[in-house]
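The values are calculated or read from the model by the stated rules, or taken from the named source; none is laboratory data. All of these numbers come straight from a predicted model, not from anything done at the bench. Cβ sites come from the backbone with ideal geometry, for glycine too, and all protein chains shown count toward neighbours. Keep in mind that these areas ignore ligands, DNA and RNA; they rest on the heavy atoms of the full protein, side chains included. Shrake-Rupley method; radii C 1.70, N 1.55, O 1.52, S 1.80 Å.
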Amino acid sequence: MAQWVRSEAWRLRWLPLLTAAAGLTAAFLLQDMPIVRRHALLLALLAGLGFFLPAVRHRLLILFAYGLGLYFIVKSVATWLGLPLGELGAVERVLWFVLGWLCIVSALGMGRRSPPEWAVALLMVALGLYFANFTFVHYAQNNWLQVIAGVGLTGAALWHAAVVWASPPDETPLQRG
């Protein structure tokens with residue numbers, strides 16, 4: 001058992017998956033608490049600071065991909081089942097299910113010692129598609145500030161995916177630091 005806990009599969013695949021599942025459960029349980037809602041952006045920014053530390057960037061990106069994938073899948077399935085956690089539209093329930101699986105596949109690909117380029121590119125494509133949907137929804141609501149932000153985020157995610165895909169194998173963004 002101790003050897004399995006020290007293994008690469010545990011550190012890069014199973015531990016991030018279990019942590020993401022616990023975090024998603026906590027997020028759903030705590031989302032209605034006023035103090036959490038008030039400080040959600042601050043908590044997200046503090047967690048995001050880890051991406052600037054090369055030593056933990058790889059693990060955080062895997063955790064992020066698992067968490068995002070589980071969130072998308074749970075929201076989609078909850079909508080199909082009519083549960084209160086759902087509340088997505090007809091297009092979003094299908095799109096989010098697909099995006100969830102793209103994120104999970106990306107996390108599995110990144111869960112290697114030296115992740116392949118396609119894993120990061122796949123995550124960025126999933127984020128680009130999410131932000132494109134976000135942009136369209138806010139365009140339909142005539143919310144131009146969100147549309148401008150959505151166009152920028154979509155472009156940044158898809159541009160990053162293209163850069164990762166086109167970069168030489170020995171220079172993936174996860175390995176730079």
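Can you tell me which residue within segment 75-102, out of those that are β-branched (Val, Ile, Thr) and at pLDDT 90 or above, is least open to solvent (accessible area, probe 1.4 Å)? Write out each step before concluding.
Filtering segment 75-102 for residues β-branched (Val, Ile, Thr) gives 77, 79, 91, 94, 98.
Going one step further and asking which of them are at pLDDT 90 or above, we end up with 77, 79, 94, 98.
Working: Val77: 55, Thr79: 19, Val94: 80, Val98: 77 Å².
Ranking the candidates gives Thr79 first.
Wholly within segment 14-64, which helices (runs of 4 or more DSSP H) include no fewer than the required count, namely at least 2 residues that are at pLDDT 75 or above and among the hydrophobic types (A, V, I, L, M, F, W, C)?
By residue number, 15-30.
For segment 128-151, what are the residues that are open to solvent by less than 50 Å² (accessible area, probe 1.4 Å) and under 26 Å from Tyr66 (Cβ atoms)?
Gly128, Phe131, Ala132, Asn133, Thr135, Val137, Ala149, Gly150
Looking at Val147, Val74, can you tell me which residue is over 28 Å from Leu18 (Cα atoms) and touching a helix residue (DSSP H, G or I) at 6+ places or on another chain (Cβ under 8 Å)?
Val147
Considering only segment 105-119, state which residues are of a type outside the set (Gly, Ala, Ser) and open to solvent by less than 20 Å² (accessible area, probe 1.4 Å).
Listed by number, the residues that qualify are Met110, Pro115.
Between a first residue in segment 88-112 that is under 19 Å from Phe64 (Cα atoms) and of a type in the set (Ser, Thr, Tyr) and a second residue that is in a helix (DSSP H, G or I) and open to solvent by less than 10 Å² (accessible area, probe 1.4 Å), which pairs have beta carbons less than 6 Å apart while being 6 or more apart in sequence or on different chains?
Pairs that qualify, where the first residue is under 19 Å from Phe64 (Cα atoms) and of a type in the set (Ser, Thr, Tyr) and the partner is in a helix (DSSP H, G or I) and open to solvent by less than 10 Å² (accessible area, probe 1.4 Å), are Ser106/Ala65; Ser106/Ala119; Ser106/Leu123.
Of everything in segment 102-119, what is under 16 Å from Arg13 (Cβ atoms) and touching a Gly at 6+ places or on another chain (Cβ under 9 Å)? Give them in sequence order.
Taking segment 102-119 as the starting set, the residues that turn out to be under 16 Å from Arg13 (Cβ atoms) are 103-116, 119.
Answer for segment 102-119, where residues must be under 16 Å from Arg13 (Cβ atoms) and touching a Gly at 6+ places or on another chain (Cβ under 9 Å): Cys103, Ile104, Val105, Ser106, Ala107, Pro115, Pro116, Ala119.
If a residue must be more than 20 Å from Arg113 (Cα to Cα), touching a residue at least 12 places away in the same chain (Cβ under 8 Å) and hydrophobic (A, V, I, L, M, F, W, C), how many such residues does segment 60-83 contain?
7
If we keep just the residues of segment 49-74 that are open to solvent by less than 50 Å² (accessible area, probe 1.4 Å) and aromatic (Phe, Trp, Tyr), which is nearest to Phe97 (Cα to Cα)?
Phe72
Could you tell me whether Val125 is modelled with pLDDT of 90 or more and either basic (Lys, Arg) or more than 21 Å from Gly67 (Cβ to Cβ) (or both)?
In short, no.
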